[in-house]
Amino acid sequence: MRHDAVDWYAVAALVAYGFGIALVPRLAPVPERCPVVRVPLRGEPLPVRRFLAAVRRGSERRPPVARGLAALRAAAGEREAKGV
C-alpha cells in the first residue's frame, strides 16, 4: 500500500500512526509532538536531490538573473566538490 501526502506534517502523522516510513528532506518540518525519529541515510550510493532553476524565457541573460544563476551553480559546485 502506498500513501501520498504533500504536507510534511501529514507525512509525519502517517509515520507516527504506523502507516510506514517516509523519505523526508533534512529541512522539512516535523512536529515535535509526533513520536517519530529522523534516521540519516548512509551507505552507497547516497541519495541525491536535484534542483532546477526556472526563469522566464530569455531572462537568463539579464544581468541580475545571470548573476543569481551563476551563484546557484557555484554553490552547487562547491557542495558537489565537498561530497555534500
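The values are calculated or read from the model by the stated rules, or taken from the named source; none is laboratory data. Please read all numbers here as calculations on a predicted model, not as lab measurements. All Cβ positions, glycine included, derive from the backbone under ideal geometry; neighbour counts span all protein chains shown. Just so you know, the surface numbers come from the protein's heavy atoms only, side chains and all, with ligands and any DNA or RNA stripped out. Shrake-Rupley method; radii C 1.70, N 1.55, O 1.52, S 1.80 Å.
Among the numbered criteria (1) assigned to a helix (DSSP H, G or I); (2) of a type outside the set (Gly, Ala, Ser); (3) surrounded by 10 or more Cβ atoms within 10 Å (Cβ to Cβ), which single criterion is violated by PRO64?
(3)
I want to confirm something. Restricting to the range 1-60 and keeping residues that are among the aromatic types (Phe, Trp, Tyr) and part of a helix (DSSP H, G or I), which single residue is least open to solvent (accessible area, probe 1.4 Å)?
TRP8
Can you name the residue in the range 67-76 that is without any contact (Cβ under 8 Å) to a residue 12 or more places away in the chain and open to solvent by 100 Å² or more (accessible area, probe 1.4 Å) and, of all such residues, is nearest to the chain's Cα centre (by Cα)?
Among residues in the range 67-76 that are without any contact (Cβ under 8 Å) to a residue 12 or more places away in the chain and open to solvent by 100 Å² or more (accessible area, probe 1.4 Å), the one nearest to the chain's Cα centre (by Cα) is ARG73.
Residues are listed down the side, and each one gets a yes or a no for (1) touching a Cys at 6+ places or on another chain (Cβ under 7 Å); (2) of a type in the set (A, V, I, L, M):
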{"residue": "HIS3", "(1), (2)": "no, no"}
{"residue": "ALA16", "(1), (2)": "yes, yes"}
{"residue": "LEU27", "(1), (2)": "no, yes"}
{"residue": "CYS34", "(1), (2)": "no, no"}
{"residue": "PHE51", "(1), (2)": "no, no"}
{"residue": "GLY77", "(1), (2)": "no, no"}
{"residue": "ALA81", "(1), (2)": "no, yes"}
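With the structure loaded, tell me whether ARG79 is free of Cβ contacts under 8 Å to residues at least 60 places away in the same chain, more than 15 Å from the chain's Cα centre (by Cα) and open to solvent by 60 Å² or more (accessible area, probe 1.4 Å) or whether it fails that test.
Criteria not met by ARG79.
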